[in-house]
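The values are calculated or read from the model by the stated rules, or taken from the named source; none is laboratory data. All of these numbers come straight from a predicted model, not from anything done at the bench. We place every Cβ from the backbone using ideal geometry, glycine too, and count neighbours over all the protein chains shown. Protein only, heavy atoms only, side chains kept; ligands, DNA and RNA dropped before computing areas. Shrake-Rupley method; radii C 1.70, N 1.55, O 1.52, S 1.80 Å.
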Amino acid sequence: MEDINDSTIVKLSSSDERKAAHMPRDLKVVLLLVGNIGESKSYRLVKNPTIIGRGAEVDMRIPDECISRKHTKIEFSDGKFHVTDMNSTNGTYVNEAKVVEASIKSGDLLTLGDIKLKFILEGTDPDDIRNKLVGIGEDVK
């Protein structure tokens, strides 16, 4: 597995971001990338839906061979968050159960290939990470 760090996760261009719908303003949604040896990094989701994959035309790019070009989608609709697998090769898992589509809640663990992401609705998780946020629409340094 390729080492995932701030410089490997990239963003869409600002013109693409302006075209997209955003998460409701009162909801602060974070994906916490759970790394090796207890290391982690958080990424704030601002687009609705958010497409995650290793391809060039996704909202959250993770350039790892275990991730499909368009791997999964996270969307807020009908008052809930949903994750949808986008016909990925290695599947999308929620709390270790393989899913095609599922509702998700704060604290759920998403697994995409070898990558683990904790879904957090900020302010509802005891491990609140608000001081570590990096916006997907901002430069990642």
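For residue 140, indicate whether it is under 13 Å from residue 30 (Cα atoms) and modelled with pLDDT under 85. Before you say what the answer is, go through the steps one by one.
Numbers: under 13 Å from residue 30 (Cα atoms): no; modelled with pLDDT under 85: yes.
No, not satisfied.
Let me confirm something: among 78, 85, which residue is crowded, with 18+ Cβ neighbours inside 10 Å, acidic (Asp, Glu) and over 16 Å from residue 30 (Cα atoms)?
On the way: 78 fails: crowded, with 18+ Cβ neighbours inside 10 Å.
None of the others qualify; the one that does is 85.
Going by what's in this entry, would residue 42 be described as touching a helix residue (DSSP H, G or I) at 6+ places or on another chain (Cβ under 7 Å) and closer than 18 Å to residue 28 by Cβ? Talk me through it step by step, then tell me what you get.
Details: touching a helix residue (DSSP H, G or I) at 6+ places or on another chain (Cβ under 7 Å): yes; closer than 18 Å to residue 28 by Cβ: yes.
So residue 42 fits the description; yes.
Restricting attention to the stretch 103-137, which residues are open to solvent by 20 Å² or more (accessible area, probe 1.4 Å), at pLDDT 65 or above and outside any loop (DSSP other than H, G, I, E, B)?
Correct list: 103, 109, 116, 118, 121.
Mind checking which pairs have a first residue in the stretch 59-80 that is in a strand (DSSP E or B) and a second that is among the aromatic types (Phe, Trp, Tyr), Cβ under 9 Å, 6 or more apart or different chains?
Short answer, once both residue conditions are applied: 60/43; 74/81; 74/119; 75/81.
Any idea which of 34, 100, 29, 94 is modelled with pLDDT of 65 or more, of a type in the set (Val, Ile, Thr) and over 15 Å from the mean Cα position of the chain (by Cα)? Before the answer, list the steps.
Numbers: 34 fails: over 15 Å from the mean Cα position of the chain (by Cα); 29 fails: over 15 Å from the mean Cα position of the chain (by Cα); 94 fails: over 15 Å from the mean Cα position of the chain (by Cα).
Going through 34, 100, 29, 94 in turn, just one is modelled with pLDDT of 65 or more, of a type in the set (Val, Ile, Thr) and over 15 Å from the mean Cα position of the chain (by Cα): 100.
Just for the stretch 37-69: of the residues that are at pLDDT 90 or above and hydrophobic (A, V, I, L, M, F, W, C), which one is most open to solvent (accessible area, probe 1.4 Å)?
56
Residue check: is residue 91 surrounded by fewer than 19 Cβ atoms within 10 Å (Cβ to Cβ) and touching a Ser or Thr at 6+ places or on another chain (Cβ under 9 Å)?
Working: surrounded by fewer than 19 Cβ atoms within 10 Å (Cβ to Cβ): yes; touching a Ser or Thr at 6+ places or on another chain (Cβ under 9 Å): yes.
Taking the combined requirement at face value, the residue satisfies it.
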